[in-house]
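Worksheet: the structure to be examined is printed underneath.
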Amino acid sequence: MQDRIVDILKSMDMDPADFSQGNLDVFSPIDGSLLGKATMDTAETVDAKITAADGAFKKWRTVPAPRRGELVRLLGEELRTHKDALGALVTAECGKILEEGKGEVQEMIDICEFAVGLSRQLHGLTIASERPGHHMREYWQPLGPVGIISAFNFPVAVWSWNAALALACGDSILWKPSEKTPLTAIACQKLFERAAAKFGADAPEGLSDIIIGMRDIGERMVDDHRMALISATGSTRMGREVGPRVAQRFGKCLLELGGNNAIIVAPSADLDMAIPGIVFGAVGTCGQRCTSTRRIIAHESIYDTLVAKLKKAYGSIRIGDPLEAGTLVGPLIDEDSFNTMQRALEAARGEGGTVTGGERTLEDKYADGYYVNPAIVELPEQTASMREETFAPILYIVKYSDFDEAMAIQNDVPQGLSSAIFTTDVREAESFISSAGSDCGIANVNIGTSGAEIGGAFGGEKETGGGRESGSDAWRAYMRRQTSTVNYSRELPLAQGIKFDL
Ligand code: UN1
């Protein structure tokens with residue numbers, strides 16, 4: 001494996017030595033081999049990097065926003081040049097197939113372009129003042145250093161959604177990648193540094209940096225009052241810890257946590273569209289997207305046909321080395337993840353579920369790579385294990401008989417990230433996205449739950465954490481709102497008509 005990344009790194013003009021030294025071993029999920037090494041931060045280095053980020057913010061906030069956008073444009077250019085190589089490094093480090101690795105880098109390029117345009121559109125408001133000779137305005141000001149915590153499954157794109165917006169908004173950034181995927185983070189930081197060198201002296205030292213380590217390292221950043229915003233992507237368990245810690249010091253938090261995403265398949269659904277939508281959503285990235293399709297709520301009239309077609313489609317999925325063309329499903333991230341999947345399947349069996357698939361495969365070839373046959377679990381009703389997010393390719397299926405029942409099942413889980421319906425009935429489609437419909441941050445019609453475009457705000461409700469990243473007006477989370485009233489008259493009228501005669 002290592003040889004393979006040496007070539008990838010060299011193609012990006014990066015020195016493999018920078019990816020093979022340090023006290024953190026990085027293993028490839030493809031075969032469990034040692035992929036590289038990284039140096040873990042210490043309490044002292046984290047503190048120094050936060051100090052640098054704070055200093056950088058104080059300079060960067062005074063650089064005009066369109067000029068800040070130019071730095072993001074240069075970063076996007078680096079990413080465009082190295083899309084295939086960085087995509088391959090993502091594949092080697094997190095095990096998603098090459099096509100998805102490159103797709104992830106494309107999301108980075110897309111968000112950079114979005115942020116470049118945004119850098120000229122950080123609009124405020126003018127508001128009518130109740131007082132004569134007064135102007136009231138709303139400004140959006142740079143917020144401060146932004147701490148980014150990301151997970152192994154989208155090792156680079158999540159950084160970019162935050163980084164591109166934060167940089168355009170005038171913030172400095174400090175990134176703690178998953179300890180399972182630090183090499184891709186080192187590569188991104190190097191690409192940033194190249195962009196910053198081209199940009200020139202306006203980009204201060206410490207504007208972007210990474211911190212590598214375990215939870216204690218992340219906690220130092222989370223607890224530091226100089227970090228104005230902590231944007232954390234990961235499990236609900238992680239968010240439950242990060243949220244209160246940041247709130248304790250009155251910092252801002254943007255949480256992107258678990259999803260338990262369902263697709264309702266209605267009687268009128270076009271199954272030729274629904275099947276590929278479900279299969280991509282359920283087995284893509286080996287079921288390790290926060291948007292992965294985990295639940296199918298199928299109308300009783302099409303249930304048998306749908307399940308038969310899904311099983312047939314599952315039978316033809318090519319599982320194997322994600323770097324090889326034609327593979328659709330790569331490995332799980334590690335053995336723990338495999339064990340968690342097995343426990344979830346066992347629990348479903350105990351709840352009366354019928355499990356198809358789910359076994360380990362290719363262990364002869366990859367003793368230390370955890371490949372699985374994606375599982376389909378037919379359940380008599382929505383059970384406790386179906387309400388939990390298991391980060392693996394398990395697709396639970398239940399039946400429904402009327403639309404309101406389907407809607408209730410869809411919403412009856414603690415998470416609220418993504419949801420979809422396949423229907424050709426306009427009443428059902430519109431009801432699904434009405435106030436009484438899906439309670440998720442993302443509600444799709446006739447496409448699946450995963451693979452969101454960067455133009456929309458990304459995130460979800462309930463235990464998903466409520467944060468929004470990426471497109472639409474998600475940029476506002478990276479800025480502070482300032483209301484300003486200016487008196488250009490020669491009087492000092494008080495608001496609310498108050499008289500205060502001296
Ligand atoms: C994630 O799994 O953390 O919508 C993000 C999608 C991708 C992002 C997934 N654009 O599936």
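Just so you know, all these numbers are worked out from the coordinates, no wet-lab data involved. This one's a predicted model, so the numbers in the text were calculated from it and none came from an experiment. Don't worry about glycine lacking a Cβ; one is built from the backbone with ideal geometry, like all the others, and counts go over all protein chains shown.
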Seminar exercise, completed: Out of Asn373, Thr390, Met407 - ranked by how far each Cα lies towards the positive end of the dipole of the range 345-410, with unit charges on the beta-carbon of charged residues - the top one is Asn373
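Kindly rank 17-28, 72-83, 182-193 from highest to lowest mean number of other beta carbons found within 10 Å of each residue. Spell out each step's value before the answer.
Numbers: 17-28: 16.5, 72-83: 21.0, 182-193: 23.3.
Per-residue mean Cβ counts within 10 Å order the peptides as 182-193, 72-83, 17-28.
Grab the DSSP H runs of the chain that are 4 residues or longer, score each as -39,500 (n - 2.57), total them, divide by all residues and round the 222 nm result to the nearest 500 deg cm²/dmol.
Numbers: 14 runs with 189 residues, N = 502.
Calculated mean residue ellipticity at 222 nm is -12000 deg cm²/dmol.
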For this session: Please determine, in degrees from 0 to 90 and to the nearest 10, the orientation of helix 98-118 with respect to the longest principal axis defined by the Cα atoms of the chain, where the helix direction is its Cα long axis.
Result: 20
Problem set entry | Nearest 10 degrees, 0 to 90: helix 303-315 Cα axis against the chain principal axis | 90
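When DSSP assigns beta bridges and you keep just the ones with both residues in the chain, what percent turn out antiparallel, to the nearest 5?
Details: 25 of 65 bridges.
Among the beta bridges of the chain, antiparallel pairing accounts for roughly 40 percent.
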Problem set entry | Part-to-part distance (alpha-carbon centres) for the range 225-259 and the range 54-86, which is given in Å | 25
Exercise. Taking the Cα centre of the range 1-135 as the origin and placing charges on Cβ (Lys, Arg +1; Asp, Glu -1), which of Ala48, Gln21, Gly36 is farthest toward the positive end of the dipole?
Worked result: Ala48
Seminar exercise, completed: Mean projected area, convex hull of alpha-carbon positions in the chain, reported to one decimal in nm², is 27.0
Exercise. When the dipole is taken about the Cα centre of the chain, and only Lys, Arg (+1) and Asp, Glu (-1) are charged at their Cβ, what size is it in debye, to the nearest 20?
Worked result: 1600
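Could you work out the relative contact order of the chain? I mean the mean sequence separation of Cα pairs under 8 Å and 6+ apart, divided by the number of residues, in percent. Each step should come with its number before you reach the end.
Numbers: 1122 pairs, mean separation 89.8, N = 502.
Over the chain, the number comes to 18 percent.
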Exercise. Along the positive direction of the dipole of the range 298-344 (beta-carbon charges: Lys, Arg +1; Asp, Glu -1; about the Cα centre), which of Thr327, Met341, His299 reaches farthest?
Worked result: His299
Problem set entry | ³J(HN,Hα), Karplus 6.51/-1.76/1.60, whole Hz, each residue of the range 359-367, x for Gly, Pro | 7, 6, 9, 6, 5, 5, 7, 10, 4
For this session: Using packing as a proxy for protection, rank 228-239, 58-69, 406-417 so that the peptide with the highest average count of other Cβ atoms within 10 Å comes first.
Result: 228-239, 406-417, 58-69
Exercise. With respect to the cross-link table entries Lys96/Lys462; Lys49/Lys198; Lys176/Lys252; Lys59/Lys252; Lys102/Lys311, which display a Cα-Cα separation exceeding 26 Å?
Worked result: Lys96/Lys462; Lys102/Lys311
For this session: Could you give the size of the charge dipole of the range 312-426 about its Cα centre, using +1 on the Cβ of each K and R and -1 on the Cβ of each D and E, expressed in debye and rounded to the nearest 20?
Result: 280
Seminar exercise, completed: Rounded to the nearest 10, the angle in degrees between the Cα long axis of helix 236-248 and the longest principal axis of the Cα atoms of the chain comes to 20
